[in-house]
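The values are calculated or read from the model by the stated rules, or taken from the named source; none is laboratory data. A quick note: this is a predicted structure, and the numbers were derived from the prediction, not measured. So basically every Cβ, Gly included, is an ideal-geometry build from the backbone, and we count neighbours across all protein chains shown. These area figures cover heavy atoms from the full protein model, side chains too; ligands, DNA and RNA do not enter into them. Shrake-Rupley method; radii C 1.70, N 1.55, O 1.52, S 1.80 Å.
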Amino acid sequence: MFRSLLCRLGLAALLLGSPTLSSAQDVLLSAKTGDLKVEGTLLEYDGEFYRVKTEFGPLTVDARTVTCDGDGCPTPQETTARFAIAGDSAVALPLLEAFAIYQGAEVEMITGADGAQTVEIASEAAGPLATVELAPQDGGDPYSAMRDGSDTLVFSTLQSPDPARTQVIGLDAVVIAASDVNPVDGITMDQMRQVLAGEITNWKDLGGSDSALTLHVAAGAGPFQDRLATMGLAPQAGVIVQEHARLKDMADVVANDPFGIAVLPFSMLRTARPMGLRGSCGMYNAAKAFTLQSGSYPMTFELSVTRPAKRMPLFAREFLEFLRSPQAQAVMVDLGFADMGIATLGLDEQGQRLANSLMIIGKEVPLSDVREMTGIMSGAKRLSATFRFQPGSTRLDAQSRENAEHLAAGLILGNYADKIVYLMGFSDGDGRARQNKALSKQRAEAVQAALIQAAPDGSLEDVEFRVLGYGEASPLVCEDSAADAEINRRVEVWVKDRAD
């Protein structure tokens, strides 16, 4: 790259030799391989490229290909990447430490006299690599830290103001938790709201034994408590509760309280047991990693990182790319989240969805559609990568864009070689069944186009896609709200061995 750039500029013959430096801003860039050199005045160094003014005009050179000599060369402090992290540092810091280890570097946390915290990352071979500031935020809004145009990455479960610059790195959910020894396995949202209102105080009203229940809640404020308040899942005034200072402490207590109940993040369940959700139509949904990954659990939400609308230092960009790696996703699992990897599940492990389908056969869905669908699914595996769209559009939502990147990469690597890849579209129950069936196939076709676009040209030519639409033939949840209808509007991916 370095040699070809010089040759294009006609400088190869003129830049040989050993130029003499004279100005304080003069630099001599020497290729790490070969004898080519560039002499000139340093105009800019952004941590990745040198921009040098030469007698032949400005020249941009990749810093990784050269060594720099002269008084104008940046100091180690100037070559150190500098950026900030705002939001959920309890997630960001373990990921940053994992990236440092991946780079062969070490991490040191420094707390200043004013209480400000910074993370210094350095390696024995390369010296200082990055200084990362833990940015303060305005009240409960982590995105306030990036409004000044600074190099700030925001880790948050709150809605990003800039979806196009948002990368989903993990999944969490609101779950209703109890102890493993409690036999009650499911609860409706209305029942939980009655518990929080003090209208249900005994487990017998939830299908359990005649025992008083203990409602556990987390004291104080925070993003999760704000989310519960928005969902109507905060305890009402005057209700008798047992308060806990931290969510994870509450989870441990609930796990050991046979009569306890609480609302927790999936990521902080620890040894507590998540209760399944029952809808008004009788459908049941369990909170598991797969149901979060596939978006079929109703109260799933995303943990994402949002980057600023500017070019960040190379170290920060490489960190963002690292967040998609298996190493980073393993950290997310260790932290309790459902990761963005692609898991598989056979039809024999999805008895509930078949029960859901049987509930609606004969209303507007013909038995022949369900037979065809289950015939394809029999012996096949469903991938957790599921696709949904932004409201009122054919554009994939943030999680689906990440799913497209992951699935396209897996297809390119041959993870599903010798298999047929079925893209099955489904709709909600609103509208006429025939129209919904046609619309669901159109969405499946849009997903196929997105996968092809996410892959290099021609790299998916050998993949055998089958694009199908089944409309409302296989609902995942009762449509008790607009959000539930969005869950049912989806495109699933199934893989099945090709017939010999």
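Spelling out what I want: for every residue of region 196-212, take phi, set θ = phi - 60°, compute 6.51 cos²θ - 1.76 cosθ + 1.60 (Karplus), and round to whole Hz; glycine and proline get x.
Values, residue by residue: 5, 8, x, 8, 10, 10, 9, 5, 5, 6, 10, x, x, 6, 7, 9, 5 Hz.
In debye, nearest 20: dipole of region 98-182 around its Cα centre with unit charges on the Cβ of K, R (+) and D, E (-)?
Around 260 debye, computed over region 98-182.
Pull up all non-local amide H partners of LEU396: gap of 5 or more, or a different chain, and H-to-H distance under 5 Å with H placed in the peptide plane.
Answer set, sorted by chain and number: GLN390.
Report, in listed order, any pair from LYS310/LYS441; LYS381/LYS437; LYS248/LYS310 with a Cα-Cα distance greater than 32 Å.
LYS310/LYS441; LYS248/LYS310
Rounded to whole Å and sorted largest first, list the principal axis extents of the Cα atoms in the chain.
Computed over the chain, the largest-to-smallest principal extents equal 90, 63, 36 Å.
So for the pair ALA164, ASP205, with labels modelled 7 Å out along Cα→Cβ, what separation do we get in nm?
Label-label distance for ALA164 and ASP205, simple model: 5.1 nm.
Can you tell me the FRET efficiency between ALA126 and ARG432 if r is taken as the Cβ-Cβ distance and R0 is 60 Å, rounded to the nearest 0.05?
For R0 = 60 Å, the calculated efficiency reads 0.40.
Going from most exposed to least, what order do ILE412, ILE200 have by accessible area with a 1.4 Å probe?
Accessible-area ranking of ILE412, ILE200, largest first: ILE412, ILE200.
With θ set to phi - 60° and the Karplus curve 6.51 cos²θ - 1.76 cosθ + 1.60, what are the ³J(HN,Hα) couplings of region 279-294 in order, to the nearest whole Hz, using x for Gly and Pro?
So the Karplus estimates, Gly and Pro as x, are x, 5, 8, x, 5, 10, 10, 9, 8, 9, 4, 5, 5, 6, 4, 8 Hz.
Over the heavy atoms of ASP114, what accessible area does a 1.4 Å probe trace out, to the nearest 10 Å²?
Accessible surface of ASP114 is approximately 130 Å².
For HIS216, HIS406, give the ranking by accessible area with the largest first, probe 1.4 Å.
Sorted by accessible area, descending: HIS406, HIS216.
Angle, helix 367-377 long axis vs. longest principal axis of the chain, Cα atoms, 0 to 90°, nearest 10?
Computed tilt is about 40 degrees.
Return the tail of the calculated pair distribution for region 41-130, meaning the percent of Cα-Cα pairs more than 17 Å apart.
Tail of the P(r) past 17 Å holds 60 percent of the pairs.
Residues of region 380-500: accessible area per residue at 1.4 Å, in Å²? Can you show the working numbers first?
On the way: 5660 Å² over 121 residues.
Each residue of region 380-500 exposes 47 Å² on average to a 1.4 Å probe.
Protein chains only, probe 1.4 Å: how do ARG317, ARG490, ARG434 rank by accessible area, largest first?
The ranking, largest first, comes out as ARG434, ARG317, ARG490.
Work out Dmax and Rg for region 77-133 from the C-alpha atoms and quote the Rg first, both in angstrom.
11.2, 32
How long are the semi-axes of the equivalent ellipsoid of region 155-291, taking √(5λ) for every eigenvalue λ of the Cα gyration tensor, in whole Å from largest down? Intermediate results must be reported in sequence, preceding the final value.
Details: eigenvalues 130, 58, 44 Å².
Calculated on Cα positions only, the semi-axes equal 25, 17, 15 Å.
Where the only charges are on Cβ atoms (+1 Lys, Arg; -1 Asp, Glu), what is the dipole of the chain about its Cα centre, to the nearest 20 debye?
1420
Using a cut-off of 14 Å between alpha-carbon atoms, which aspartates and glutamates can reach LYS53, once sequence neighbours fewer than 8 places away in the same chain are excluded?
The reachable aspartates and glutamates, counting only those whose Cα sits under 14 Å from LYS53, are ASP26, GLU39, GLU44.
Using the Karplus equation 6.51 cos²θ - 1.76 cosθ + 1.60 (θ = phi - 60°), what ³J(HN,Hα) coupling, rounded to whole Hz, does each residue of region 106-120 give in order, writing x for Gly and Pro?
3J(HN,Hα) across region 106-120, in whole Hz: 10, 10, 10, 8, 10, 10, x, 4, 8, x, 5, 10, 10, 10, 9.
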